[in-house]
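First comes the structure, then the notes that go with it.
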Amino acid sequence: MHGGVGGTDAEKILLAKGFRPIYFPHHRSFSVIAKLNRLIFLLRTFFSIKKGSVVVFLFPVYAKMNRVLLKWLTSRKKIHSICFIADIDGLKDDNEQLLKKEIKFFRRLRYFIVHSEKMREWVYKNVSSGSGVVTIEFFDFLTTPVGRGKDISYDIVFAGNLQKSSFLEKLHLLNQKDSLLNFHLYGPGKTNNMLRQENVTWFGVENPYDLPAKLKGSFGLVWDGDSIDKPAGSHGHYMEYISHHKLSLYILSNLPIIVPAVAASAPLIEKYGIGFAVNNLYEIKDKIGGLSPAVYRQMQANMHPLSEKISKGHCLGAAIDEIMKQLEKN
């Protein structure tokens, strides 16, 4: 999730709803004393969590002690664990062995918060058809939305980890016949091949919470992989399941969104009328050219209620409330 903001904001939302954090001590130290203190904390925490408690955690879980605690807790009856899936690394990296381990862990659980309907279907198919699975649609982003409108143009924003998005080195191919499309890049990982393109400008790295007000352009692009013809590679394929955090960034920045037609977020863009989908990046120019200023302004207007919801933490909050209702019935 963008700049680590997604996890931080999720924690703030859970704290506001009355959840208490579990912080292992000395998490930056690997000395014998630090490891011993973490082990003692692990045991105390495990036995201190009462029956009927609800434990929410963000997946993937990388810290070993956290993984051990979750494994123990999921083996205890009357402890309800809710898994908020941020990423499925085996699916993202096309790592079958890792994916099998992740699925094995998921099968210890019953309640999940997922990105999209497509990810919900994946959980039903690969984990359990009886799982309590709730979608968030968009990630919360606890910062101030941009109120002012933007004018329609061919200036397109792409924000994120640029290095993993190698399609950005091929954007010059889109302007072989004309020079209408301009791409504004924000984030770390720029390469010389990106910057030597005449239709690309890099605007640096900003504080994520300041970024919505900094973005300059008329549309926000969500794309991944190494091709401009389609979302290619494992990361491109992964778009069929996930909702990117940059969707929320663009909504808060009042930028109508361009997504791949195969992306899990494409139905959301259509549902809320906040952008358009393309099969490849070559289609962008004609799609923008076919939009009237009135239609563009309506897309921006449609974003306002979503930005209010996203900026106040209502996406995760509503998902937690829905699962809590399920727990009360069971």
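Points to keep in mind about this one:
- The lone exception for Asp94 - which of (1) farther than 25 Å from Ser243 by Cβ; (2) surrounded by fewer than 16 Cβ atoms within 10 Å (Cβ to Cβ); (3) in contact with a helix residue (DSSP H, G or I) (Cβ under 8 Å, 6 or more places away or on another chain) it fails: (1)
- Any chance Lys150 is assigned to a loop (DSSP other than H, G, I, E, B) and among the basic types (Lys, Arg): yes
- If you go through region 292-330 and keep only what is among the polar types (S, T, N, Q) and at pLDDT 95 or above, you end up with Ser292, Gln298, Gln300, Asn302, Ser307, Ser311.
- When the residues of region 222-263 are filtered to those that are at pLDDT below 95 and among the polar types (S, T, N, Q), the one that is surrounded by the most Cβ atoms within 10 Å (Cβ to Cβ) is Ser243.
- Glu270 vs. criteria outside any loop (DSSP other than H, G, I, E, B) and out of contact with any Asp or Glu (no Cβ under 8 Å at 6 or more places or on another chain): yes
- Only a single criterion out of (1) within 27 Å of His314 (Cβ to Cβ); (2) surrounded by 13 or more Cβ atoms within 10 Å (Cβ to Cβ); (3) at pLDDT below 90 is not satisfied by Tyr23, namely (2).
- All conditions but one from (1) crowded, with 19+ Cβ neighbours inside 10 Å; (2) touching a residue at least 40 places away in the same chain (Cβ under 8 Å); (3) touching a Phe, Trp or Tyr at 6+ places or on another chain (Cβ under 8 Å); (4) assigned by TED's automatic domain parsing to the domain that holds Lys271 apply to Val134; the one that does not is (4).
- Neighbours by Cβ (under 9 Å, 6+ apart or cross-chain): first from region 264-291, modelled with pLDDT of 95 or more; second of a type in the set (Phe, Trp, Tyr) and in a helix (DSSP H, G or I): Ile274/Tyr250; Gly275/Tyr250; Leu281/Phe167; Ile288/Tyr296
- Enumeration of residues in region 280-295 that are within 20 Å of Leu174 (Cβ to Cβ) and not in a loop (DSSP other than H, G, I, E, B): Leu281, Tyr282, Glu283, Ile284, Lys285, Asp286, Lys287, Ile288, Gly289
- Region 45-85, subset among the charged types (D, E, K, R) and within 25 Å of Lys325 (Cα to Cα), residue surrounded by the fewest Cβ atoms within 10 Å (Cβ to Cβ): Lys77
The values are calculated or read from the model by the stated rules, or taken from the named source; none is laboratory data. This one's a predicted model, so the numbers in the text were calculated from it and none came from an experiment. Methodologically, a virtual Cβ is constructed for each residue, glycine included, from the backbone with ideal geometry; neighbour enumeration extends over all protein chains shown.
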